[in-house]
Every structure is written in C-alpha cells, then in structure tokens.
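This report concerns only the one structure given below.
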Amino acid sequence: MLTSGEILNEYAKCVIDPKYAIGTYLSTFDKTQEGFVPFNLFIRQQYIVDCYQKYRFNIVTKPRQAGISTTTQAYSAIKCAFADSKNPETIIVIANKLNLAKKFTKGIKDYCSQLPRWVWGPDYYGTDEKEKKSIFIKDSQIEIELPNGSKIIAVATSTDALRGYTPTLLIFDEAAFIVNGAELYSAAITSLGTGGGAILISTPNGYDPLYYKTYEQSEKGDNDYNVIELKWYQDPRYNKDLQWLKADEIITEVEFTLDSFEEMVKKGYKPTSTWYRDMCKGMNNDKKKIAQELDVSFLGSGGNVIDDEYINMHDTQNVEKPKYIDDTYYDGNSGLVWIWNEPEAEHQYILAADVARGDGADFSCFQIIDFTTMEQVAEFQGKVPPDTFAEILNVYGTKYSAYLVVDNVGVGNTTTSKLVELKYPNLHYDSIKTENGKKVAGFNINGVRLQLISHLEIAVRTNTIKIKSKRVINEMKTFIYKNGRPDHMEGYHDDCLLSLGMALWILESSFKKLKKLEKQTKAILSAWQVGGSNKATDDTYNTGFVPKNQRNKTNTGKPNFNTQVAKNMQDPKGEYLWLFSGLK
C-alpha cells in the first residue's frame, strides 16, 4: 500500500501528464504480439495525447490498426478518473453505429478498471472489502458513472440523442462514416456550451460532409480544429523494414522525427514495408481500400474520377496563386476573377463558360486557356444573373481576343442571346440548326458530357493542360462516380471543372482541326499574292475572304482563294477566321 504522501505525489503526476498515467498504469492488447503489453506510447501517440491536452478541438486522420481509438480511450479514462468531483467530466461517444459507440465506451471503462484503487479514494482502497467494491456507480452498455461523478455515455446517431446532456467532451469515432454526420454534428456541437471540446477520429471516406469538411476548413483556418495526422509508417510496429522508393532509388535509413518522414513524402518518395505489402495483398490490391485504410487519402478513398496521383501532381507542380485579382464583380462571397497571365501578342485563347442562374447553389464560371502554352491564364467563379455574366464574358473575351464557348443548356440561352446582342465576334455556334436553318449560339454539353469528361481526365493525367487554379483542384477532389456516373459529391460543385472540360473539348474537336489548316492557308495566301491575278486589299488579308463583289472564277474554272478556303474550313459564315488573323 502507498502512503498518503506517495498517493498525492502519484496523483499529481497523473493529473499533470496523462502520458505518464497511461504508460505507468495501463496495458493494451497488441495484435502483433498476440497479447497484452504495457501501454508504451510511441512518439506519434505521445504527440496525440499532448494535442488532446492542448487543443479544445482535434481531428485525427488514421490508417487501419493505428491504435488511435485505444489511445483516445486511454486518454478519456485518465481524464475522467482524475477529474475534480466538483467539476466532473461527461464524455459522449458517437459512432456510425450505436454498437460501435458502445464498444468504444467499454474500452474507456476497461482502462478505468486497470487504474489502481487509490485513484478512487479511501472508500475503494485499503482493505479487502474496499478493494472488492465496484468503482462504477452506473454500469450499462450505454452509460458508465464513476465515483467522482464523471460519466461516459454512448449515444445513437440521432439529432435528438444528446438532449438532456451537457458534455465536456464529444468523441466521434469513424466520423467519416456517420450517416447524416453534418446534421448530427451541428446538433451535438450546440450541446457543448462554451467549455466543452470535441475529437473527430476516422479513416477517410472520400469527401464526406462531416469529417472531410471539418478537415478542409481546418486546413484553411476556417474553424478551431487542430489537425493530427497519423501515417502507418510512423508506427514502429509496421515500419521495421521501412524502405523509401523513388524511381530506381531505394533508401532504407531515415532518422525518424515527427517531420522527417513527411519530408521524404514531399520529395516524391513512397514508403513501403513487409507489413504494408502484406496488407495490400490482403486487400487484393484494391486501390480504393488501400487509399482509405492504409494511405489515409481522402482522394483515393472516394472513387474519384481523376486519380489522386494526378491531382496531387498538378497541385504540387502547376498550381499558383493568381498574379492579379479583379474584384469588380465581387459580392462579398464570390465573383473574383483570378488572373495568372495577361494577354500576349500572337497567343491564341479560348474562353469556356458554364452558366448558372445566379440565385441558387451553383456558380457561373469561366476558364481562359492559352492555346499556345496550354495553361490556364484566367478564371472566374461567381453568382451573377445570366445576362450580367454575358457582359463579364464580353469584357474578358474581348480582353484576350478569345474564342468564346458558352454552355447553352437552360439559362445558358440567356447568356448566349445577350452575347449575340452584344455582337461578340468570336462566339462558338453549335452544329445544331434551328428550323430556319440558322446555327445555335453556344455549346450543348449534354450530348458529349461523358466523352468530354473522359477527355478532361486524359488531359489532366498526361499533364497536357497546366492547371493553376486551386478551385479546380478542389473540385477534382470531390468529383466522383455516383451510380456509375461522373458527378460532384453532395454539397460540392463542378462548375470550374466542367468549364475547363468544355475548353479542352472544343480545343480538341474544333480548334485543333482548324489549326491544322493554318499552314495550308498560308501557302495558298502566298501563292495567291505572288500570282497577283486576284490580289485584294489589305482588309481582305485581315479577314481571309474576298469581299462579295470581288468574287469570281479563275480562267481554269476552279474556285478562287476565298471560295476554296471557306470550303476547306467548312466555315462559310467566317466564324473561325479569327484564328488566322495573324496571317497577313
């Protein structure tokens, strides 16, 4: 038995440093050793406990079998056991299923049972009778109460489940898998009042509306959550023969610190070990499962249309902050034009626009692509009326002398009609014709949506297009297969992504085909000018067509230059002649 002085000394150590209490008095089951072992926290687990102590709100990303749940259970047990009876703890555990919440609660209870009896006071320590006395005032699958008044409660995933409780700590286990997680979280967080905290623990599940949203906002500094990331290669149980691979290079010796391994990842090395390879085999090398349960990747775990490898490539290699920001159309929430490059002489530009109503959840968006360098040069995203959007397109289309492609489905018709009214010179016309034989202004995405997205994926994967916008990258991360169809996740958008896809599709299906005619047209122009028989004015060279009153047949009876060019271009209206404006 300890003396009262020794008890006081040990009690103080445990209150000051939960890591000491866990390492000194608790044991845990280690699957790699098939038995219970002293709970010696490894470096990253120690860091996690320190964060739990320091920050009110924490979100933890973890791989499978990482020991984060057991670490959190052990910390919770110490937090409850050493709480002041005048200010006891109330820990609420929420999981994607009530049974899992019960299991988590039982883990906390088991760690409480391991603590020495003197923790609970003189009524529970000192004699055989006292040692046999249960430390649990309440003991059920859903609620446990300790002698100092602290409680651990498992609740169902219902917005009404927290009524009547004032928790000091909310724990969401496997938060990414909780159905209606965002709604439940909103109800739960209001129960904290001003003094409680929350811990969200999970492996990723794509871009879910609770776990990923909280993580994303924390990364941007939009909430108070502290992000804790644990990777499998930081766990000494799994990295015993750790190797770092990059092309043909293999590195086997890297000193472990909290940051050194992450530096290797940033340099492009990929970690592997016998444990990791065995786990991959056990998952049948399923990329989605590996991303979710081993690599802690939000990207690969959600069934993304574009593989996370290529999204990360653009994010690290191509994305840049805009050099200029035009806030003329900014409404306090959206409407900024990001500009990376101003127009350059002899460069060719295409502007593609996706139109929204302006008063709903979606945004209107445009992308300007430099066809000469194949990179983004400008981007707009905002909530504006369709006719106002047309005026913005007219301004930026004129600025870049851009070929303008506008989605004409639904409200897009309003935008294209306004652009026709504004007499925008380089407007794309669909191949579809109206009853009176006129072509339709704009581009109908519906008939080619799948092909367009497939082409976009190839362009991203092959780095054909240099993506500079973080907004596009973020939309790629939430663009997934839903019932086999590419679409954005609930609560997210794809306006920037689809407008980019439109630009690339038109470049491939129309723009490049016309571009191939440039050399031929230059040769014809040269021959025509040298021959001199039908030499036209300088204005003729600028447009590529001879004025109507100058059109005639040559002595051979073959079409003259202007008729032949029109035939080759399959563009009798001259809609694409701006491509050749520099041929004079």
> How much area per residue is accessible in region 175-284 when the probe is 1.4 Å and only protein heavy atoms are counted (Å²)?
Replying inline: 50
> Over region 236-287, what is the relative contact order in whole percent, taking alpha-carbon pairs under 8 Å and six or more residues apart?
Replying inline: 41
> Could the peptides 441-454, 172-185 be put in order, highest first, of the mean number of other beta-carbon atoms found within 10 Å of their residues?
Replying inline: 172-185, 441-454
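Once the Cα gyration tensor of region 149-237 is diagonalised, what are the square roots of 5 times its eigenvalues, in whole Å and ordered largest first, as equivalent ellipsoid semi-axes? Write down the numbers at each step before the final one.
Details: eigenvalues 108, 49, 39 Å².
Semi-axes, largest first: 23, 16, 14 Å.
Within 10 Å, count the other beta carbons around each residue, average over each peptide in 342-349, 419-426, 100-107, 498-505, and list them highest first.
498-505, 100-107, 419-426, 342-349
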> Ordered by residue, what ³J(HN,Hα) values in Hz, to whole numbers, does region 307-313 give under the Karplus form 6.51 cos²θ - 1.76 cosθ + 1.60, where θ = phi - 60° and Gly and Pro are x?
Replying inline: 4, 4, 4, 7, 5, 5, 4
>> If each residue of separation counts as 0.36 nm, what is the full-extension length gain between A182 and E255 once their alpha-carbon separation is subtracted?
In response: 22.3 nm
> So which trypsin sites (Lys or Arg not before Pro) in region 1-50 end up in coil per DSSP with only 16 or fewer other C-beta atoms within 10 Å?
Replying inline: K31
> Of P167, Y124, A101, which is farthest along the charge dipole of region 97-177 in the positive direction, counting Lys and Arg as +1 and Asp and Glu as -1 at C-beta?
Replying inline: A101
> Which ³J(HN,Hα) values in Hz, rounded to whole numbers, follow from the phi angles of region 329-338 under the Karplus curve 6.51 cos²θ - 1.76 cosθ + 1.60, where θ = phi - 60° and Gly and Pro get x?
Replying inline: 9, 6, 10, x, 10, 8, x, 8, 9, 8
>> Taking every DSSP beta bridge with both residues inside region 327-450, roughly what % is antiparallel (nearest 5)?
In response: 75
>> For V440, what residues show an amide H to amide H distance below 5 Å, using hydrogens built from the backbone and excluding near sequence neighbours?
In response: D430, I432, T434
> Tell me, what is the percent relative contact order of region 303-342, built from C-alpha pairs under 8 Å that lie six or more residues apart?
Replying inline: 32
> Taking the Cα centre of region 330-409 as origin and charging only Cβ (+1 Lys, Arg; -1 Asp, Glu), how large is the dipole, in debye to the nearest 20?
Replying inline: 140
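Taking region 64-149, how much of its Cα-Cα pair set, in percent, is spaced more than 21 angstrom apart?
Working: 1121 of 3655 pairs.
Looking at region 64-149, the distances longer than 21 Å represent 31 percent of pairs.
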> Cα centroids of region 342-377 and region 118-185: how far apart, whole angstrom?
Replying inline: 55
> Between their Cα atoms, which of K423/K466; K321/K399; K31/K109; K97/K266; K289/K482; K54/K240 are more than 29 Å away from each other?
Replying inline: K423/K466; K97/K266; K54/K240
> What whole-number value in cubic angstrom gives the convex hull volume per residue for the C-alpha atoms of region 1-121?
Replying inline: 128
> For region 156-272, what is the percent of antiparallel DSSP beta bridges, rounded to the nearest 5?
Replying inline: 55
> Where does each of 335-341, 112-118 land if you order them by average Cβ count within 10 Å, highest first?
Replying inline: 335-341, 112-118
>> Rounded, prolate or oblate for region 16-73? Axes are the square roots of the Cα gyration tensor eigenvalues, ordered a ≥ b ≥ c, and the cut-off for rounded is a/c under 1.5.
In response: oblate
> Which GluC sites (Glu not before Pro) in region 1-54 pass both tests, a DSSP loop state and at most 13 other beta-carbon atoms within 10 Å?
Replying inline: E34
> Put +1 on the Cβ of each Lys and Arg and -1 on the Cβ of each Asp and Glu in region 287-385; which of G382, Y349, I368 then has its Cα farthest toward the positive end of the dipole?
Replying inline: G382
>> What's the whole-number percent of alpha carbon pairs in region 321-478 lying beyond 22 angstrom?
In response: 42
>> Counting other C-beta atoms within 10 Å, and keeping those with at most 11, which DSSP coil GluC sites (Glu not before Pro) do you find in region 211-296?
In response: E253, E255
> Can you run phi through the Karplus equation (6.51, -1.76, 1.60; θ = phi - 60°) for region 249-255 and list ³J(HN,Hα) in whole Hz, with x for Gly and Pro?
Replying inline: 8, 10, 10, 10, 10, 9, 5
>> Full-extension gain between R357 and E421, please, as 0.36 nm times their residue separation minus the C-alpha to C-alpha distance.
In response: 21.1 nm
> What is the sum of charges around R56, taking Lys and Arg as +1, Asp and Glu as -1, for the other residues whose C-beta is under 15 Å from the C-beta of R56?
Replying inline: -1
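The values are calculated or read from the model by the stated rules, or taken from the named source; none is laboratory data. Only a predicted model underlies this, so the values are computations on that prediction, with no experimental measurement involved. Every residue, glycine as well, gets a Cβ built from its backbone with ideal geometry; the counts of neighbours run over all protein chains shown. Side chains included, ligands, DNA and RNA excluded: accessible areas come from the protein's heavy atoms. Shrake-Rupley method; radii C 1.70, N 1.55, O 1.52, S 1.80 Å.
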